[in-house]
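The values are calculated or read from the model by the stated rules, or taken from the named source; none is laboratory data. Computed from a predicted model, the values in this text were never measured in an experiment. Here Cβ is always computed from backbone atoms with ideal geometry, including for glycine, and neighbour counts include all displayed protein chains.
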């Protein structure tokens with residue numbers, strides 16, 4: 001962990017099942033700390049201590065695949081295919097602190113913006129906190145911070161296992177709210193880029209037409225040569241789910257975050 005990426009100690013329960021101490025503003029050492037069974041759904045808990053930190057009760061991920069004769073599959077990236085949302089949070093938290101935020105970035109606000117184009121996220125966070133900021137500059141700072149962390153990204157195994165099966169016989173696409181210079185390194189980090197001949201980002205649609213507008217999903221279907229109503233979408237966040245439904249597609253919700261019960265001891 002590089003100095004300054006977090007304002008407190010962080011304990012992260014990743015979707016791959018490892019507890020990691022991510023460090024503090026003083027620069028903690030990353031350490032695997034125990035292991036859970038299977039593939040838990042949980043993200044991280046901010047704690048101000050190392051010894052005696054609380055544990056988080058996790059539940060296990062189950063994908064609810066609807067029946068249907070699907071001709072193509074579209075995947076969101078962050079929090080759906082790749083367990084990067086905690087890394088994005090740390091980068092956003094530091095980037096917004098650099099322009100005047102005096103408190104931890106709200107996790108509820110952060111997760112409510114999942115899939116929204118990065119520039120728009122900067123604008124909305126600034127509006128939420130009443131900050132005067134340059135969205136372009138904040139976006140650039142955030143992405144540079146994130147790229148220093150992206151090598152820690154891990155695949156979300158139940159979704160990746162499904163991808164590996166269907167990619168043998170069907171076209172698959174990515175529709176992500178991240179820009180290409182952020183999305184492609186995440187795919188490289190987990191070795192999945194070769195599965196996708198179609199990758200759609202906000203750069204491919206008119207300004208303001210990223211998620212929750214349907215344009216990115218409709219473009220992905222068009223590039224795959226598949227009717228929109230025969231696409232199945234995998235998404236973790238409400239804006240992406242709304243976008244897929246508006247495109248006339250069925251959606252599998254990938255639960256990248258739950259409100260976990262914290263137990264001490």
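Would you confirm whether any residue within segment 154-161 is closer than 21 Å to residue 75 by Cβ, out of contact with any helix residue (DSSP H, G or I) (no Cβ under 7 Å at 6 or more places or on another chain) and outside any helix (DSSP H, G or I)?
Within segment 154-161, one or more residues are closer than 21 Å to residue 75 by Cβ, out of contact with any helix residue (DSSP H, G or I) (no Cβ under 7 Å at 6 or more places or on another chain) and outside any helix (DSSP H, G or I).
Go over the candidates 169, 141 one by one and state the one that is in a loop (DSSP other than H, G, I, E, B) and surrounded by fewer than 22 Cβ atoms within 10 Å (Cβ to Cβ).
It is 169.
Quick check on my filter: what residues within segment 137-161 are within 26 Å of residue 242 (Cβ to Cβ) and out of contact with any strand residue (DSSP E or B) (no Cβ under 8 Å at 6 or more places or on another chain)?
138, 139, 142, 143, 146, 158, 160
Any idea which residue in segment 83-99 is surrounded by the most Cβ atoms within 10 Å (Cβ to Cβ), counting only those that are in a loop (DSSP other than H, G, I, E, B) and modelled with pLDDT of 95 or more?
99
Under the condition of being within 16 Å of the chain's Cα centre (by Cα) and either in a strand (DSSP E or B) or modelled with pLDDT of 90 or more (or both), which residue from segment 244-265 is nearest to residue 232 (Cα to Cα)?
252
For residue 248, are the conditions met, namely being within 23 Å of residue 113 (Cα to Cα), in contact (Cβ under 8 Å) with a residue 12 or more places away in the chain, in contact with a strand residue (DSSP E or B) (Cβ under 9 Å, 6 or more places away or on another chain) and buried (at least 20 other Cβ atoms within 10 Å of the Cβ)?
no
Can you name the residue in segment 100-113 that is without any contact (Cβ under 8 Å) to a residue 40 or more places away in the chain and in a loop (DSSP other than H, G, I, E, B) and is also surrounded by the fewest Cβ atoms within 10 Å (Cβ to Cβ) among such residues?
Residue satisfying both the conditions and the ranking: 102.
Name, by its number, the condition in (1) in contact with a helix residue (DSSP H, G or I) (Cβ under 8 Å, 6 or more places away or on another chain); (2) in a helix (DSSP H, G or I); (3) in contact (Cβ under 8 Å) with a residue 40 or more places away in the chain that does not hold for residue 164.
Failed condition: (3).
Restricting attention to segment 36-82, report how many residues are in contact with a helix residue (DSSP H, G or I) (Cβ under 9 Å, 6 or more places away or on another chain) and either assigned to a strand (DSSP E or B) or at pLDDT 50 or above (or both). Spell out how you get there, then give the answer.
Filtering segment 36-82 for residues in contact with a helix residue (DSSP H, G or I) (Cβ under 9 Å, 6 or more places away or on another chain) gives 39, 43-44, 46, 61-63, 65, 68-82.
Now narrow it down to the ones that are either assigned to a strand (DSSP E or B) or at pLDDT 50 or above (or both): 44, 46, 61-63, 65, 68-82.
Total satisfying the criteria: 21.
Among (1) in a loop (DSSP other than H, G, I, E, B); (2) surrounded by fewer than 22 Cβ atoms within 10 Å (Cβ to Cβ); (3) within 15 Å of the chain's Cα centre (by Cα), which single condition is residue 151 missing?
(1)
Quick one: residue 212 ticks every box in (1) in contact with a helix residue (DSSP H, G or I) (Cβ under 9 Å, 6 or more places away or on another chain); (2) at pLDDT 95 or above bar one, so which box is it?
Every condition holds for residue 212 apart from (2).
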